[in-house]
Every structure is written in structure tokens, then in C-alpha cells.
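These notes concern the structure reproduced below.
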Amino acid sequence: MDITERFLNYTKFDTQSAEDSQTVPSTSKQLIFAEYLKKELEHEGLDDVEMDDKGYIYATLKANTKEQVPTIGFISHYDTSPDCSGADIKAQIVRHYDGNDILLSEGIVSSPKRFPELMQHVGEDLIVTDGKTLLGADDKAGIAEIVQAMVYLQEHKEIKHGKIRIAFNPDEEIGMGAHHFNVEKFGCEWAYTMDGGDVGELEFENFNAASAKVSIKGISVHPGYAKGKMVNANALAAEFAKMLPEDETPETTEGYQGFYHLLGITSNIEQAKLSYIIRDHDRDKFEDRKRFIQRCAEQMNKKYGEGTVECVVNDQYYNMKEKIDPQMHVIDLVLRAMQEVGVSPKVKPIRGGTDGAQLSFKGLPCPNIFAGGINFHGPYEFVSIQSMEKAMQVIVKICELTAGYND
């Protein structure tokens, strides 16, 4: 089975995670794919293949050298984003993309005018959707690349490598992927998530992240007799939202700039709820942002009465850079591997987070490598077959170079 067939098989499974679920994994349909993946790993001859009761899959490719070599790992998540349907995905291949518009289905076009990233892949074979679902390259492309790399290493025993561990997990898209990851069982000195974007991307800086849940209590009174009595939670929700800087949102920021992102509002006269995420690469600025949104709630309470507004802020993950910086050999190996397989490295900060960020703070240094997918979380998502092949080659080369690594 080649990497294309493997990936296309994976897209047939709906593995969408769910934000408000209290179960692990957040959706039972993720376990259907996990079971399939476990059997595939066993079929491909990997050792120590196991899946725990939460859907976390671990497996081993045994070392083929007697040298003392660090145990390293590769990780990808198998859930897809709640932002767009992952059911009944109709993937299609555009051979030798010519740079023109791609007709996904009747009336739905993916155009380089809207998505200029397409022009970076002229002449390549692109896997696209029919414009009605996401594709799932985030992160089933990463899984396909890891599995294919393990198969390749088994078929090319002349490539010496140490013990390689791989793991696949649910619920990354809702920020829960690393929460139940068993770092001790994984048993690696360091690892890599294959969860980045276009070819060459290497990321070991990410946002510090928190969520903020704002609850507003109103008082409902007949509007004809409401003067001096009604407290309209709808209006207070709008007022609260306006207190946050308009130029510090995802729509207005880039690079290292942080933001407040209003995910959603549910409201009526008596009650309103606002859901935010808070992001910043700089830890001090991140802490300032959390304090600011709390002060906004305090100001509202001074104006409308204590207990009118409650703001609960919870940290989600932190910038992995502080854990990677002391162990830059982890990055140096990737840079060398990319160069040796003909990939130009593109080191950049993640305007988001990966499981690797949380894992780094759990004692497993874990930067993020490209998986090749573009336009994640939407119906215009695509991945180049050649990009997936390059990612697979990078994995193989990292394994080979690690065999020659001296601590």
C-alpha cells in the first residue's frame, strides 16, 4: 500500500471531535477508526501495538542496531475539527495541478485567487474535497506519513536506526489530545508531532493559551414597565465584547502578535454566555491579557452590581520554546534531515498549539514538523501527495540520523 492509498483509506472514517463532550474520546466514532488503525499497525508488523480504553494507540519499531541510540517518537492525532463536517468525505485527486481553478463540485471552486497557496504546488498531485466537508489531512496525513515511514524502514534494513515509538491520539482539535497521553509508557527521550502545514515547516514556538468563560446575569421585566428594573443580559454581553481591543483579534494580528478571540455568544434577557480564547507567544503579555479580561468583568460589576458578570479563565497550554531551547539538538536533527532530503526548512512560530506543546511540559520535548496539509478545518483543505512523501522521507532520515547521534 502506498502513502496515497493509506491516506485515502483514513479519510473514509468520520473522526470529528466534540467541544462540549464529557467523554474520552469526545466522540465514540473516533474509536472506530482507532480500532482500524490498531489492526493496520499489527498487519504492518509493528511490535507492542496497544490501544488503551481512551483510544490512545502506541506501537514500536524495534531497533536494528546494537549501538546505544536514543529512543525517539512520532505522534499524530486522528480526530478532525468540530469546525466542519468530516462525514462522508469525497476525496479526489487532481493530477499535475496546472495552476487554474479547481472545480470541487458543481458551483464550488477552489481558486488560487482566493487561496494563493495552490500556486506553490503547480505540477504536483493534489488531494482535495468536493467542497462540502473538510479533508482530514489535519492530521491523517501525519498518520499516513508515520506509518509509511515505519513500513519503509522495515523494507530497507540497511538503514540503521534505534528503537522508534509511534503514537496516535484523539481529541487534539479540542485541546485535549495530550491530557491522557502516557509519556512514561511512550518511553522516549524526545518526539515529534507530524501536525504542521506546508512543506518545510518546523515549529517549536507556539502560543500560550487560555480559555475564558464569561457569564452575565440579567433581570427580565415586561418591557412596558422595565424602566429602572430590567437588566438586559443581551446588551451587557455586547458591552463586554466592546471592552476588548478591536485591533487584538485573529482578524487583525499575525506573527507573534497575540489576541482575544470571541468563539461564541448565547444570550437572552436573563442570561448571556460569552466564550473566548486568549493567545500570546510572550508569557508576560499572556498573563497581562488574562488579568485584563478579568478587570473588564470587575468594571462591569462596579457598574451593574456585584455578581452580574463572572469570568472564569483556565490555562490550556504554554509556549514549548522554553522546554525546547535547552535541547536544541532535537531541532538540529530535523534541520539536517530536511536538508538531506531536499526540503528547505521554514522555521516559524505556530499561531496556535499542538499536542507537542503540552507534551513538552509533561517532560517530552516535542516540536512540530510539517504534514503537508493546507487550508485546515474547512472544505477547501488540500494536501499534495508529493508533500506527504517528503514528510515521510524526513521521518526516515531523522531515524537514520538519530542512530548516529552522540549525547
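Based on this model, can you work out whether residue 254 counts as assigned by TED's automatic domain parsing to the domain that holds residue 308, closer than 17 Å to residue 279 by Cβ and out of contact with any Gly (no Cβ under 7 Å at 6 or more places or on another chain)? Judged against the criteria, residue 254 is a match.
Please identify the pairs in which a residue from the stretch 174-198 that is without any contact (Cβ under 8 Å) to a residue 60 or more places away in the chain has its Cβ atom under 9 Å from the Cβ atom of a residue that is of a type outside the set (S, T, N, Q), counting only partners at least 6 apart or on another chain. Close Cβ pairs (under 9 Å, with a partner that is of a type outside the set (S, T, N, Q)) amount to 184/363. Every listed requirement among (1) over 24 Å from residue 368 (Cα atoms); (2) among the basic types (Lys, Arg); (3) surrounded by 16 or more Cβ atoms within 10 Å (Cβ to Cβ) is met by residue 38 save one, (1). Restricted to strands (runs of 3 or more DSSP E) entirely inside the stretch 53-148, no element has at least 3 residues that are of a type in the set (Ser, Thr, Tyr) and touching a helix residue (DSSP H, G or I) at 6+ places or on another chain (Cβ under 8 Å). Given the condition in contact with a strand residue (DSSP E or B) (Cβ under 7 Å, 6 or more places away or on another chain), in a loop (DSSP other than H, G, I, E, B) and within 15 Å of residue 186 (Cα to Cα), answer yes or no: does some residue in the stretch 35-49 qualify? Yes, there is a match, as at least one residue in the stretch 35-49 is in contact with a strand residue (DSSP E or B) (Cβ under 7 Å, 6 or more places away or on another chain), in a loop (DSSP other than H, G, I, E, B) and within 15 Å of residue 186 (Cα to Cα).
Restricting attention to the stretch 285-320 and to residues that are surrounded by 15 or more Cβ atoms within 10 Å (Cβ to Cβ) and among the β-branched types (Val, Ile, Thr), the residue that is farthest from residue 359 (Cα to Cα) turns out to be 308. Among the residues in the stretch 353-372, are any of a type in the set (Ser, Thr, Tyr), buried (at least 22 other Cβ atoms within 10 Å of the Cβ) and more than 23 Å from residue 158 (Cα to Cα)? Yes, some residue in the stretch 353-372 is of a type in the set (Ser, Thr, Tyr), buried (at least 22 other Cβ atoms within 10 Å of the Cβ) and more than 23 Å from residue 158 (Cα to Cα). For the stretch 334-345, the condition of being farther than 30 Å from residue 288 by Cβ, part of a helix (DSSP H, G or I) and touching a Pro at 6+ places or on another chain (Cβ under 6 Å) holds for at least one residue.
The values are calculated or read from the model by the stated rules, or taken from the named source; none is laboratory data. Source: prediction; values computed, not measured. Every residue, glycine as well, gets a Cβ built from its backbone with ideal geometry; the counts of neighbours run over all protein chains shown.
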